[in-house]
Each structure stands twice: as C-alpha cells, then as structure tokens.
Amino acid sequence: MKPVKVGVLGLGTVGGGTVNVLKRNAAEIARRAGREIVVTRASAKDLSKERICDTQGIILSTDPMDIINDPEIDIVLELIGGAGLVKEMVLKAIENGKYVVTANKSLIALHGNEIFAKASEKGVIVAFEAAVAGGIPIIKAIREGLSGNQIEWLAGIINGTGNFILTEMRDKGRDFDDVLAEAQALGYAEADPTFDVEGIDAGHKLTILASIAFGIPLQFDQVYTEGITQITRLDVEYAEQLGYRIKHLGIARKTSEGIELRVHPTLIPERRLIANVNGVMNAVLVKGDAVGATLYYGAGAGAEPTASAVVADVIDVVRALTSDPENRVPHLAFQADSLADIPILSSERFKTSYYLRLNAEDKPGVLADVTRILADHHISIEAIIQKEPVGDETAIPIILLTQITLEKEMNAAIAKIEALQTVTGKVNRIRLETLK
Ligand code: NDP
Ligand code: HSE
C-alpha cells in the first residue's frame, strides 16, 4: 500500500518532537498502523531557525496553505497554536478533505463545535489527544476506556507549567518569575504564559474533558478560572502544617442541579496520590459510577511526551482512513445528535470546603466575631489555628478550614469578615477538596 503522507504545520517544540518520533519509530509505527507514515512537507515562520528535528527529505515552506492545498497530503498536523488564523487553516484543510491532528486546546475549546461539525460533514477526523495533559492518553481513556460509565466528576493537574512553578517554589523556595522563565526555556509554556499561570490553558483543557465526560457541547466561556499568582509562601506552609498541598486543579463535577466547571488553586490532603504529582507532570482523577476512581499520570508538556500523543492520533487516523465515517468513535465521545443541554453552574452555586487566612488584632472577641459571621451563613468550621505574628506585624494570622458550603454564603461571609474593624486586609481564600 502507498505510504500515508503527512504535512506538519509548525516545527517548534511539539512539531519538532513529532517529526523526531515519526522518523525514529517509523518501522514500529508502520507495523502498528498497517501502512508507512511519512512526513513529506512542513512549515514554519522562519526557515533559517535551528530546529530540534532533522528536516532532511521534507519540503519546507513558510506558508501553511502550501501544505493544506497540496492534494498529495493525507493528514495535516496543526502544531502552530492560537485560535485565530489557525481556525481558518483547519477549516480549509477539512474542506480539502484532509484528516487533521492537533495539539491545540484553545482551538478545540473555542471552536471545536464548529470544527467537528464540519469534519463530520466532510467525513474526516480531527484528532486532539495531545490537547489535554500532554503525553497522557486521557482523551482515549475517557472516550473509549470508560465509555460504559456515567462519569460523576474529574479533577486534574492539567497544566505542566503551573505545576512546575508551584513545585519549584515549594521545594526550592525559588522565585515565581525565575521558574516561569525556565518553563518557557524548556518549551512547556504557552506562547502567552499568562494562559498557564492564570488558569486559561487549564480552562481550555477542562472544557474538552467535561465535554467528553458528560456529553455536553464545548463551552469554555462557562468555565470559572482563577490563577496561581495569588498563592503565597505562607499559605503553602500553613497548608502543609494542616496536612494539605496546594495544587492548581481543573474540576468538573456533575450535580443534581448542573455541572461545575472550575479551575483554581486547591488544598488537597497530602496523602492523596495526586497531591504528590510534581514538576511538569500532570495527573487526572476520573470517577465513574462503575469503575470507581481512576488516576492517569504522565508528562503534561514537552516535545516528545506531547509527540507521543500526536503520533498515537496519527496512527488512529491511518487505521480509520478506510473505515465508514458513520461508524467511527465520535469526536466528543457521544453521538453528535445526543449532546445534552445540562446547565453549567455559576460560581456562586459551587459547593466546596475552604481554607481561609486572615490577619486580626490580638484581642478578646475577635475570633468570636469571625465564627459568629460564619455561623450566620451556615458555615461549619472544621479546624481553626491562631499563629504567631509574622515578622514585625502586630496582627495575628488566623487560619480556618471549613466544611462544604455554598460559595454564595462564603462570599457573603468573607465580605462581612473583611468589614470588621479588627481584621486587617483581605481574607485569603483557597478552595479545599478531599477528592474522596
Ligand atoms: P512553538 O512556539 O514551539 O512552535 C510553534 C511553531 O509554529 C513554530 O515552528 C513557528 O515557526 C510556527 N508558526 C507560528 N506562527 C506561524 C505562522 N503564522 N505561520 C506558520 N508557522 C507559524 O509552540 P509549541 O510547539 O510549544 O506548541 C504548538 C501547539 O501545541 C500549541 O497549540 C500548544 O498549545 C500545543 N501544546 C504544546 C505543548 C508543549 O509542551 N509545548 C504540549 C501540548 C500542547 P518558527 O519556529 O519559525 O517560529
Ligand atoms: N503550556 C502547557 C502546559 C503545554 O504547561 O501544560 C501543555 O499543554
């Protein structure tokens, strides 16, 4: 049989890694796919740049459209990133009958509904395993491996850069900006690294995971996102003293009222496996009604781990090239005409526990005022600690852990606590999940 011809758009971290893996493992890949797979064309912005891959035998150009419009190309790998121009490129590739593999979570989270509809109309596949959690085959695990389950919730460390920063800050006391610069140099960070540290990238990934877990359309605009820039060393230390780690989690949970979609720093008990996922590693916990809790772990970013997922998609696509388009695994796990219109809950309707840190004057009655406000809002306290003043401060830090409560009640209570004359500054609030 003729080899399958692949065109690669983007020869950066992921594109370069993918070319390397396709070349190095070509024989093994052909045995798995049933056909030889060859990269014949590739594009990048600046062809004079040094590459991490060998481009010998590959026709290079600066215009991705040269590849998209080449009738010889069977599969287009979109490894450029961004959701603007690239969307038009992918739609054009589909229009031209190409199969597409992408690692681009922003593209899928923002435009996936339109892209998959177009792909189904044209009878082609758009595969996106690398878009979530780098090298972990989490899309395949949920879409196929867990397809007999009702998924109840999932929670994951789904941004490698953020986890790398939190780990280095905690373990080595390093500076936020210094660690971020290293993550960029290692090729982990997004082109705009605020996507990593403000939870936008994790929000894109959570959008995709929630869609394939619950059979709902992709709806990034409904995800609550909070970044890691407000986490202080003090909070990390106090959390540890209480037996918790702070991780930046993406959480999707189906409740009787609707679905919670949230990305935020979270205290989790240190005995949970996921609390011990460090550096650029990612992990996703998925709870199905039949299987129970399952955990998936691996590198969340980087050239070859991500290439592993891209190449697996290429092999899947090659295997499906001759299959009936009506009988393929649906893009979003559920049949396109069976997606459910389940409401996504606003953040005020989230139910979770909290860690609160506040600074208060060291005098009688202060603690009683705080606990009375919490009681007025039906918030039960799980633990309370009063610490020594920090440095020259006269105010004393008070740390509280609460039981599960409605976020609306917590917002109102925090506003009242901050208004107390005896409390200085803002209450630092971090959500807490036991992940039982
Ligand atoms: P890079 O910035 O390393 O690579 C992007 C590539 O696209 C470069 O080769 C660049 O050319 C090329 N490019 C950029 N703009 C254009 C353009 N207008 N026309 C043609 N080529 C263009 O990004 P990554 O490899 O890190 O990321 C690629 C995608 O993979 C993104 O969607 C990202 O979110 C996703 N991803 C990244 C992971 C990672 O670990 N880095 C992991 C999982 C997903 P040149 O090299 O000449 O500048
Ligand atoms: N910037 C992303 C991360 C790349 O750090 O997780 C992998 O999606």
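Would you work out the charge dipole size for the chain about its Cα centre, treating the Cβ of every Lys and Arg as +1 and the Cβ of every Asp and Glu as -1, and quote it to the nearest 20 debye?
Magnitude of the dipole: close to 980 debye.
By how many nm would the segment from Lys363 to Glu95 grow when fully extended, if each residue of separation counts as 0.36 nm and the alpha-carbon distance is taken off?
Result: 89.4 nm gained on full extension.
What translational diffusion coefficient, in µm²/s and rounded to a whole number, does the Stokes-Einstein relation yield for the range 139-299 at 10 °C and a viscosity of 1.306 mPa s, taking the hydrodynamic radius as the Kirkwood radius over Cα pairs? Numbers along the way, then the final one.
Details: Rh = 16.1 Å.
D = 99 µm²/s.
Keeping all protein chains in position, work out how much accessible area Met65 exposes to a 1.4 Å probe, and write it in Å² to the nearest 10.
Number for this one is 60 Å².
Give me the number: length gained by fully extending Leu85 to Ala419, i.e. 0.36 nm times residue separation minus the C-alpha to C-alpha distance, one decimal in nm.
115.4 nm
What angle do you read, to the nearest 10 degrees and between 0 and 90, between the alpha-carbon axis of helix 303-320 and the longest principal axis of the chain?
Between the helix axis and the principal axis of the chain, the angle is about 50 degrees.
Order Ser308, Ser211, Ser347 by their accessible area, 1.4 angstrom probe, all chains in place, largest first.
Most to least solvent-accessible, the answer reads Ser308, Ser347, Ser211.
Using just the helices of the chain, give the 222 nm mean residue ellipticity in deg cm²/dmol: DSSP H runs with n ≥ 4 each add -39,500 (n - 2.57), and the total is spread over all residues, rounded to 500.
Details: 13 runs with 147 residues, N = 436.
Calculated from helices alone, the mean residue ellipticity at 222 nm is -10500 deg cm²/dmol.
Based on the alpha carbon coordinates of the range 5-48, what radius of gyration and maximum Cα-Cα distance (Dmax) apply, in Å?
So, for the range 5-48, Rg and Dmax equal 11.3, 35 Å respectively.
If you count only protein heavy atoms with a 1.4 Å probe, what accessible area per residue comes out for the range 348-432, rounded to a whole Å²?
Per-residue value: 50 Å².
So with the 1.4 Å probe, I'd like the accessible area per residue for the range 86-162, rounded to whole Å².
Here the per-residue accessible area is 29 Å².
Accessible area of the range 348-432 with a 1.4 Å probe: how many percent of it is carbon plus sulfur?
49 percent
In whole percent, what relative contact order does the range 139-299 give with Cα contacts below 8 Å and a gap of six or more residues?
It rounds to 34 percent for the range 139-299.
Antiparallel DSSP bridges in the chain: what percent, to the nearest 5?
65 percent
Stretch Glu28-Ile59 to full length: gain in nm at 0.36 nm per residue minus the Cα-Cα span?
Difference between extended and current length: 8.8 nm.
Could you compute the FRET efficiency for Val390 and Lys426, with r as their C-beta to C-beta distance and R0 at 22 Å, rounded to 0.05?
According to the calculation, E is roughly 0.90.
Take the alpha carbon atoms of the range 348-432, find their radius of gyration, then divide it by 2.2 N^0.38 Å using N residues; give the quotient.
1.03
Suppose R0 equals 35 Å. What FRET efficiency, 1/(1 + (r/R0)^6) with r the Cβ-Cβ distance, do His378 and Thr232 give to the nearest 0.05?
Between His378 and Thr232 the formula returns 0.75.
So which lysines can Lys49 reach, going by Cα to Cα under 29 Å and dropping same-chain residues fewer than 8 places off?
Lys5, Lys23, Lys87, Lys92, Lys98, Lys105
For helix 176-185, what angle does its Cα long axis make with the longest principal axis of the chain, in degrees from 0 to 90 and rounded to 10?
It is inclined by approximately 10 degrees.
Where the centre of each part is set by its Cα atoms, how far does the range 362-436 sit from the range 149-164, in angstrom?
Cα centroid to Cα centroid, the span is 28 Å.
What residue among Leu339, Leu47, Leu209 shows peak mean-square fluctuation when the chain is described by a Gaussian network model with Cα springs under 10 Å?
Taking springs between Cα atoms under 10 Å, the residue moving most is Leu47.
Please compute P(r) over all alpha-carbon pairs of the chain, binned at 10 Å starting from zero, and give each bin as a whole-number percent.
With 10 Å bins starting at 0, P(r) equals 4, 21, 28, 23, 13, 7, 3, 0, 0.
Ignoring the sites themselves, what is the longest stretch of the chain with no GluC sites (Glu not before Pro) in a DSSP loop and at most 11 other beta-carbon atoms within 10 Å?
Longest stretch, sites excluded: 73-256.
How far is helix 85-95 tilted off the main Cα axis of the chain, in degrees rounded to 10, range 0 to 90?
40 degrees
For an R0 of 41 angstrom, estimate the FRET efficiency from the Cβ-Cβ distance between Glu72 and Lys351 and round to the nearest 0.05.
Details: r = 55 Å, r/R0 = 1.34.
Efficiency at R0 = 41 Å is approximately 0.15.
Quick one: which residues, 5 or more positions from Glu190 or on another chain, have an amide H under 5 Å from its amide H? H modelled 1.01 Å from N in the peptide plane, none for Pro or chain starts.
Asp196
The values are calculated or read from the model by the stated rules, or taken from the named source; none is laboratory data. The shown structure was predicted, so the numbers you read here are calculated from the model rather than taken from an experiment. For neighbour counting, all protein chains shown are included, and Cβ atoms are generated from backbone atoms with ideal geometry for every residue, glycine included. The protein model used for the area step is the full one, side chains on, heavy atoms only, and it has no ligands, DNA or RNA in it. Shrake-Rupley method; radii C 1.70, N 1.55, O 1.52, S 1.80 Å.
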